[in-house]
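Okay, so here's the structure we're looking at.
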Amino acid sequence: MYKILAKRELAPHINLFEFSAGEVSAKTKPGQFVILRIDEDGERIPLTIADADPGKGTIAVACHGVGKTTTQLGRLKEGDFVLDLLGPLGKPARIEKFGTVLCVGGGVMVAPLHFQAKAFREAGNNVIGIVGATTRDHLIFLEEMENTCNHLLVATDDGTKGHKGMDFLKDLIKETKIDRVVAEGPVVMMKAVSDLTRQHGIPTMVNLIPIMVDGMGMCGACRVTVDGKTLFACVDGLEFDGHQVDFDELLARLKVYTPQEKLAYVFSEQGERN
Amino acid sequence: MPKPKIRKEAVPMPKQPPKERADNFREVAIGYSEEQALAEAERCLQCREAPCVKGCPVEVDIPTFIKLIRERRFGEAAMKIKEKNSLPAVCGRVCPQEEQCQAKCTVGRIGEPTSIGRLERFVADWERQHGCEIPQKCPTTGKKVAIVGAGPAGLTVAADLIKLGHEVTIFEALHKPGGVLTYGIPEFRLPKKIVEAEAEYIEKLGVTLKTNALIGRLYTIAELLRQFDAVFIGSGAGPPTFMGIPGENLCGIYSANEYLIRVNLMRSYDFPKAGTPICGGEEVAVVGGGNVAMDSARCALRLGAKDVKIVYRRSREEMPARIEEIENAEEEGIRFEFLTSPKRFIGNERRRVKAMECVRMRLGEPDDSGRRRPVPIEGSNFMVDVDIVIMAVGRTPNPIIKQTTEGLETTKWGGIVTDEDGKTSIEGVYAGGDIVTGESTVISAMGAGRRAARAIHEFLMKKETCARKKRNV
Ligand SMILES: Cc1cc2nc3c(=O)[nH]c(=O)nc-3n(C[C@H](O)[C@H](O)[C@H](O)COP(=O)(O)OP(=O)(O)OC[C@H]3O[C@@H](n4cnc5c(N)ncnc54)[C@H](O)[C@@H]3O)c2cc1C
Ligand SMILES: Cc1cc2nc3c(=O)[nH]c(=O)nc-3n(C[C@H](O)[C@H](O)[C@H](O)COP(=O)(O)OP(=O)(O)OC[C@H]3O[C@@H](n4cnc5c(N)ncnc54)[C@H](O)[C@@H]3O)c2cc1C
Ligand code: SF4
Ligand code: SF4
Ligand code: FES
């Protein structure tokens, strides 16, 4: 059993949880993830680690309630427990001194990206951050990113705050010498960023989150095609070369369970109301 | 003395009727009643040479336990088996007895061999229902052993070493112990409550079981060696193999591992009560011919598929699956396409698999394994409609430990290299089971565990003597 020591609402349906997980926190590096299961009937869901404090023995994850399990997690409170928590999983992100690193984050994934941005800054990089969301109310971790990055830019799909859409990125890339891009967020966003930086030959790492089951290399659910080869995101990633990823395949594979997920969500919400 | 007459036929195993069981996940074989067990036990000749024992990889004292059944001393019979095999309820169900103990049975020369597996299952089930004794432990030695993986190999090492007085901790990555017994072999062949009871028994002996602990990431083997006097690696088989043909990553194409983990470990058949979804499919093709393929096909059927076929590139004779399970699958209505191999998969506009192109094969010259090599027949290509494909064409060893353990010798295919006793290239580190031999059987993994436990015990005691000598100087 793993206790929720703190919970903070970052935006509607997006919460930051701090779990007591001493052993995990001591081993966590930016870019790694955990798999948790709320109860005996629960699904195993992967969440990227957004911070680790070995001194306190805690890890933090940000979770966006999009379906049955993530909504159920969102209802848990400080002092509640989850049954299982496995981690740290995946390879740590490659953190080195590259020069200027552009960290592009979208939606809930800005929180784990911040963990990487912090490490890049500590490694002596000039860090430019971009925080994106669909709309103003869904922007998260603005303050944290502001404090961590040398420069911070904001973008929303509907233009309610900061730049409207990602078009400004074209100019930014032309005007600034960027040595490395790290993108974490929705697949379409990572794809767009990779397409753009490819033209300029800027090394671009994306953090892929395909559907997973075990998270330890046994099931092959998480297979992704990178440079024509099939790799398992849970052991070979999460970080991959964005210029080599088959994003269209990933998008299709993420939708495999959409009908079942809707069903599960409706059932669980009914149960919640009754 | 006139020779007692032995019935040629074994007492048949009562089973759920095929039509009925194809719809549910309850155990197919119901198990002998006391009368049936007694009748079957009567068929054993109590051979002095006991050839059956030599057929068993862990040399269970078969005649003695059968004699105890005849005397209705079921609890003692169970204890007798447990001297050699700590998971009899499992082995009685899943051992390929027809190739092992029963293949050597004397009665087999005049009729059906004694049903050793069914009797083993009977006493183990009897014991579980009547509560089992916790065996006496040796005085504590103060030595600590870490075990990686709670599959049959790891559980055996744990049971053996704790009885010898060592302190044992198992690290298991998944949320439940049992390895393949829990996540791979389906409920209808091996009910999970049996695996749970076996794991509980091991915890009752005093073993600490830490689930959610992936060694290599949470602790490396080197770190374990700092806290423990010895380490055993029983991490089993890992990533599934694919064929490398076009379209394999289309939606609806599963590895058998993923399919079985969803169904067995996560109980997808109980979706949405259990939270993990699965795509049942109507027209399912399973590629492969081993136990894993049979299990996948039979799960698909139970999830409601209309048509399930097994596509295998050799002929029936070469199929590595247990005969009993092939027969069960056939009875349930699974179709077999022998001498057939997929060439590519075709998807629809949403990248979901909708068809598979196959080619017919013929058997050519024998290959390294002695089996005749399948060769494609030119121009025999044909299309099959499918909406789910399950690839059961093999697995490779889990790479995480190899990647994170310096100095650990591994083979070309990634298995851990050990000597007869399971000793690896690192002092104090032992390994056994599928991670060493590649995919094998439950009982051989347990046999490897037993040998390794013996070697670890010797190693620890030698270390103790050395340490004592040093202290005396
Ligand atoms: C390695 C990894 C790290 C992740 N990190 C985070 C994180 O830090 N914070 C967070 O909020 N979410 C994260 N996710 C996504 C999260 O695991 C899924 O949202 C969750 O499993 C959905 O479960 P559900 O039952 O609530 O929703 P479901 O009903 O299962 O799904 C609802 C919707 O989410 C989509 N979805 C399902 N699985 C995934 C997935 N793996 N990735 C993206 N979308 C998915 C479905 O297509 C569907 O539209 C991560 C996923 C992976 C694989
Ligand atoms: C579907 C299927 C059906 C089968 N049917 C039969 C049958 O009928 N009869 C038969 O005799 N055999 C059968 N087998 C084969 C048999 O199950 C295996 O040979 C046997 O389970 C191997 O045991 P093991 O202990 O070596 O490994 P496993 O059973 O694979 O257990 C390994 C355990 O280690 C854990 N692990 C892995 N890596 C780590 C790590 N880094 N840290 C912590 N834990 C880790 C895994 O989660 C797993 O629980 C079948 C196999 C499958 C897949
Ligand atoms: S363990 Fe397996 S091989 Fe040995 S006697 Fe029992 S059923 Fe036969
Ligand atoms: S070989 Fe057969 S008949 Fe003889 S002791 Fe073994 S089980 Fe009994
Ligand atoms: S999630 Fe199972 S192999 Fe990656």
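Throughout, read-outs are computed from the coordinates displayed, never taken from laboratory work. Nothing here was measured: the structure is a model prediction, and the numbers come from that model. When we count neighbours, we look across all protein chains shown, and the Cβ atoms used for this are built from the backbone with ideal geometry, even at glycine.
Worth a mention:
- Neighbour counting of Cβ atoms within 10 Å sorts the residues A:His114, B:His457, fewest neighbours leading, into B:His457, A:His114.
- Residue of A:Ala117, A:Ala50, A:Ala252 that the Gaussian network model of chain A assigns the largest fluctuation, springs spanning Cα pairs under 10 Å: A:Ala252
- DSSP beta bridges confined to chain B are antiparallel in about 40 percent of cases.
- Partner lysines whose Cα lies under 19 Å from the Cα of A:Lys27, excluding those fewer than 8 positions away in the same chain, are identified as A:Lys3, A:Lys56, A:Lys91, A:Lys118, B:Lys210, B:Lys402.
- Per-pair calculated FRET efficiency, R0 = 25 Å: A:Asp241 and B:Ala222 via Cβ, rounded to 0.05: 0.25
- Antiparallel %, DSSP beta bridges [both residues in the protein assembly as shown], to 5: 50
- Restricting the stretch B:379-449 to trypsin sites (Lys or Arg not before Pro) in coil, as DSSP defines it, with at most 13 other Cβ within 10 Å: B:Lys412
- Sequence-distant aspartates and glutamates (8 or more away, or on other chains) whose Cα lies within less than 15 Å of B:Lys8: B:Glu40, B:Glu42, B:Glu112
- Between the stretch A:85-141 and the stretch B:185-229, the alpha-carbon center distance in angstrom: 35
- What the Cα atoms of the stretch B:295-434 give is an Rg and a Dmax of 19.8, 57 Å.
- Gyration tensor (alpha-carbon) shape descriptor, the stretch A:100-254, a/c threshold 1.5: prolate
- Applying the Kirkwood pairwise sum to the alpha-carbon positions of the stretch A:2-89 produces a hydrodynamic radius of 12.7 angstrom.
- The stretch A:2-89 - charge dipole about Cα centre, Lys and Arg +1 at Cβ, Asp and Glu -1, debye rounded to 20: 180
- Note on chain A: GNM, Cα springs under 10 Å; of A:Asp179, A:Asp84, A:Asp41, the largest mean-square fluctuation is that of A:Asp41.
- Fewest-first ranking of B:Phe382, A:Phe115, using other Cβ atoms within 10 Å as the exposure measure: B:Phe382, A:Phe115
- Pairs of Cα atoms farther than 38 Å apart, the protein assembly as shown, %: 43
- Max mean-square fluctuation residue, GNM over chain A, Cα-Cα springs under 10 Å, options A:Leu139, A:Leu172, A:Leu76: A:Leu172
- Scaled to the globular estimate 2.2 N^0.38 Å, the Cα spread of the stretch B:383-424, given as radius of gyration, is 1.85.
- Every helix of 4 or more DSSP H residues in the protein assembly as shown counts as -39500 (n - 2.57), and over all residues that averages to -9500 deg cm²/dmol at 222 nm.
- Above-threshold pairs, the threshold being 31 Å between Cα atoms, out of A:Lys68/A:Lys97; A:Lys229/B:Lys19; A:Lys7/A:Lys29; B:Lys143/B:Lys176; B:Lys306/B:Lys343: A:Lys68/A:Lys97; A:Lys229/B:Lys19
- Spin-label pair A:Phe267-B:Lys137: with each label point 7 Å from Cα along the Cα-Cβ axis, the two points sit 4.2 nm from one another.
- Estimated inter-spin distance, A:Lys170 and B:Cys466, nm [label 7 Å along Cα→Cβ]: 7.0
- Exposure proxy for B:Val90, A:Val187, B:Val292: other Cβ atoms within 10 Å of each Cβ, ordered fewest to most, give A:Val187, B:Val90, B:Val292.
- Nearby lysines by direct alpha-carbon distance to B:Lys5 (threshold 24 angstrom, same-chain neighbours under 8 apart not counted): B:Lys67, B:Lys104
- For chain B, the fraction of alpha-carbon pairs in successive 10 Å shells from zero, as %: 4, 19, 27, 26, 17, 6, 1, 0, 0
- Shape descriptor for the stretch B:18-130: Rg over Rh equals 0.97 (Cα atoms; Rh from the Kirkwood inverse mean 1/r).
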